[in-house]
Amino acid sequence: MAKHTIKDTDYLYASARIKSMEKNLLSRDKLERMSEAKTLEDALKLLGESGWPEIASPTMAAVEEVLASRRSEAFALVRSLAPDKRLPDVFLIKYDYHNLKVLLKSEVTGENADALLIDAGRFSCRQLKTMLAEDSFSAMNKNMAQSIEEARDVLARTQDPQLLDLILDKAMFADMLEMADALGLRYLRNYVILMIDSVNLRLTVRLRRMGKGLEVLRYALIPGGDIAISRLLGDVTPDIIENVYHTSPLAAAAQAGAQALRGEASLSAVDLACDDVLLNYLKSARYIAFGAEPLIGYLAAVEAELTAVRTVITGRLAGLAPEMITERLRETYV
Amino acid sequence: MARLNVNPTRMEQTRLKRRLATAKRGHKLLKDKRDELMRQFLEIVRHNLQLRKKVEGALSKAHRSFTIASAVMSPEMLEEALMYPKQSVALELSTKNIMSVNVPVYQFKMKSDDPAEIFPYGFATTSGELDDAVLALSQTLQDMLELAQSEKTAQMLAQEIEKTRRRVNALEYVMIPQLVETIKYIRMKLEENERGNTSRLMKVKDMMLEEQRQKNIRQDQEAYEAHCLNFEPKQ
């Protein structure tokens, strides 16, 4: 199998190439300058100065177009450089599941929701559509195929779109873990595990805030993280959340979560803290001279950068104050 | 003021007098209706203003949360999260009668009574801010519906007030003066006829007296002449 034959040294060129690309990523300083720029046009000009393609018009649609092309360029680059071509897939799995959600939901609503599909996953939208139409899931892995069947069944019985999302989310993380295992990359596996822990933290806080019962929480929690699910089940008070995550890297995020439960902080503060923890974990790849880590770090950094640009531009378009935008910006990779 | 084109007869005058009485009574009633409508209208408008401020505040809060959620989620994922609603609402429409204006009354019923049933999405790929946005919108629904009801009521009452005001004005400044004028005209016309009649009678009386006098003179003359013939000396 490929994973046994690939060594760190196979990544020498790729790592060097990616490290040279890292410096083109937007720094926090630049993002802050963008959010403080006088006009939106000035902010977009700053983007242009950082090597971004020109954005035709200052609208969200034009910006989204550029964001999508930046994303696909970065993935294509990493795919072409990586010895194992499956490397970027971990980041693409979420698009497959997003497309699946759209297609399964539109099966029930009967509406054509093709505009909501994102053609960036491992499977093209057309492939997914055909598979769903013909019920042939042989090209998919077991997680995905099973989750589709379960989701269809649950949706037919309950008409509850939330359950469909929960089933597919669980399958998505199982897929990611499997992919990380298949690639044999510890760094990637730990990243996925940290992601699962952070999602579990966020959904526990959110479900508690919604006043949902234990049943839904048990159904929603994603297995596979470092924090055992059983520790989050029960009467979860803000203190318990803090305790459970006390030794985890997510301790700060758990504190924000506890504050959100007490009504002292907003949910976006929890999201922000979780994302920062994940990015700080990824940052460790910057000190690894060669190997798969810089490539993975770079991909995550590109995704984080796209979110940051979207945050700034959306904020500017909505007329938010610069400090409101900057306080919502996540940590940056560089 | 123009008067109505009617025959100046006593019958017409009686008819018009009856119409004037009705018009005056109608005017008073409509004026009362207008005042009451106005009172209710002002009450509703005041309530409306408060409600609108509340709804607008809540909506801007929801909008802000949506903006923040859309900043960290791609637009496709945001729409996907909301494309299939979990909660549904049945709206019942009935009407209420305010001063003979049928204003709408909305009542809605959620499919599920669980207030947490409004979130139709999973949590792995959605932002927490979306929860706040959806919650803010769902909490505003009741107020929004009440606002719609109260704004429609205010609008319908305003139309009714305008209509009533026009009627009151038409009665007050056109109909009633016209009737008064016409009645006055008929009265004067009748009085004039009366006077004409009297003078004609007086004239006839004079003529008749004169005729009588002439007749008396003639008779006297004839009597005198006859007497004189009787006493003529015989030759």
Hits in region B:1-16 (condition: in contact (Cβ under 8 Å) with a residue 24 or more places away in the chain and more than 11 Å from B:I186 (Cα to Cα)): B:M1, B:A2
Tell me yes or no: at least one residue of region A:76-91 is within 11 Å of another protein chain (Cβ to nearest Cβ), crowded, with 20+ Cβ neighbours inside 10 Å and within 22 Å of A:L183 (Cβ to Cβ). no
Positions within region A:183-203 being over 18 Å from the mean Cα position of the chain (by Cα) and on the phi < 0 side of the Ramachandran plot, in sequence order: A:L183, A:L185, A:R186
Could we say that B:L20 is closer than 28 Å to B:N169 by Cβ and assigned to a helix (DSSP H, G or I) here? yes
Conditions (1) within 14 Å of another protein chain (Cβ to nearest Cβ); (2) within 28 Å of A:I196 (Cα to Cα); (3) at pLDDT 90 or above: number failed by A:V66: (2)
Return the total of residues in region A:237-250 being surrounded by 15 or more Cβ atoms within 10 Å (Cβ to Cβ) and not small (G, A, S). 8
When you check A:E73 against the structure, is it within 26 Å of A:K19 (Cα to Cα), in a helix (DSSP H, G or I) and without any contact (Cβ under 8 Å) to a residue 12 or more places away in the chain, yes or no? yes
With respect to A:A321, is the statement that it is out of contact with any Gly (no Cβ under 7 Å at 6 or more places or on another chain) and in contact (Cβ under 8 Å) with a residue 24 or more places away in the chain true? no
Let me confirm something: among A:G225, A:G263, A:G234, which residue is modelled with pLDDT under 85 and either under 17 Å from the mean Cα position of the chain (by Cα) or surrounded by fewer than 20 Cβ atoms within 10 Å (Cβ to Cβ) (or both)? A:G234
Given B:A90, B:A62, B:A81, which one is more than 34 Å from the chain's Cα centre (by Cα) and not in a helix (DSSP H, G or I)? B:A90
Can you find a residue that is without any contact (Cβ under 8 Å) to a residue 24 or more places away in the chain and within 28 Å of the chain's Cα centre (by Cα) anywhere in region B:187-210? no
In region A:3-16, how many are free of Cβ contacts under 8 Å to residues at least 24 places away in the same chain and part of a loop (DSSP other than H, G, I, E, B)? 1
I need a count of the residues in region A:17-28 that are in a helix (DSSP H, G or I) and within 23 Å of the chain's Cα centre (by Cα). 5
Confirm whether A:K105 is buried (at least 20 other Cβ atoms within 10 Å of the Cβ), in contact with a Phe, Trp or Tyr (Cβ under 9 Å, 6 or more places away or on another chain), in contact (Cβ under 8 Å) with a residue 12 or more places away in the chain and of a type outside the set (G, A, S). yes
Scanning for something surrounded by 17 or more Cβ atoms within 10 Å (Cβ to Cβ), in contact with a strand residue (DSSP E or B) (Cβ under 9 Å, 6 or more places away or on another chain) and in a helix (DSSP H, G or I), does region B:163-175 turn up at least one residue? no
Candidate set: region B:81-124, residues that are buried (at least 21 other Cβ atoms within 10 Å of the Cβ) and touching a Phe, Trp or Tyr at 6+ places or on another chain (Cβ under 8 Å); chosen: the one farthest from the other protein chains (Cβ to nearest Cβ): B:A81
Looking at this structure, is A:I325 of a type outside the set (G, A, S), out of contact with any strand residue (DSSP E or B) (no Cβ under 7 Å at 6 or more places or on another chain) and facing chain B (nearest Cβ under 10 Å)? yes
If you check A:V205 against the conditions, is it buried (at least 19 other Cβ atoms within 10 Å of the Cβ), out of contact with any Asp or Glu (no Cβ under 9 Å at 6 or more places or on another chain), more than 30 Å from A:W52 (Cβ to Cβ) and in contact (Cβ under 8 Å) with a residue 60 or more places away in the chain? yes
Out of curiosity, is B:M77 closer than 23 Å to B:D132 by Cα, within 8 Å of another protein chain (Cβ to nearest Cβ) and surrounded by 17 or more Cβ atoms within 10 Å (Cβ to Cβ)? yes
Do you know which residues across region A:103-134 are within 14 Å of chain B (Cβ to nearest Cβ), part of a helix (DSSP H, G or I), over 23 Å from the mean Cα position of the chain (by Cα) and among the acidic types (D, E)? A:E107
Looking at A:K45, A:K38, can you tell me which residue is surrounded by fewer than 11 Cβ atoms within 10 Å (Cβ to Cβ) and either in a helix (DSSP H, G or I) or modelled with pLDDT under 90 (or both)? A:K38
Tell me which residues, restricted to region A:296-315, are surrounded by fewer than 23 Cβ atoms within 10 Å (Cβ to Cβ) and either outside any helix (DSSP H, G or I) or of a type outside the set (V, I, T) (or both). A:A300, A:E303, A:A304, A:L306, A:R310
Answer yes if at least one residue in region A:283-298 is within 14 Å of chain B (Cβ to nearest Cβ) and either charged (D, E, K, R) or more than 30 Å from A:L44 (Cβ to Cβ) (or both), and no otherwise. no
Checklist (1) within 14 Å of chain B (Cβ to nearest Cβ); (2) of a type in the set (D, E, K, R); (3) over 26 Å from A:L295 (Cα atoms) applied to A:D197, failing item: (3)
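The values are calculated or read from the model by the stated rules, or taken from the named source; none is laboratory data. Just so we're clear, the structure is a prediction, and the values are computed from it rather than from any experiment. Because the Cβ atoms are built from the backbone with ideal geometry, glycine has one as well, and the counts that use them run over all protein chains shown.
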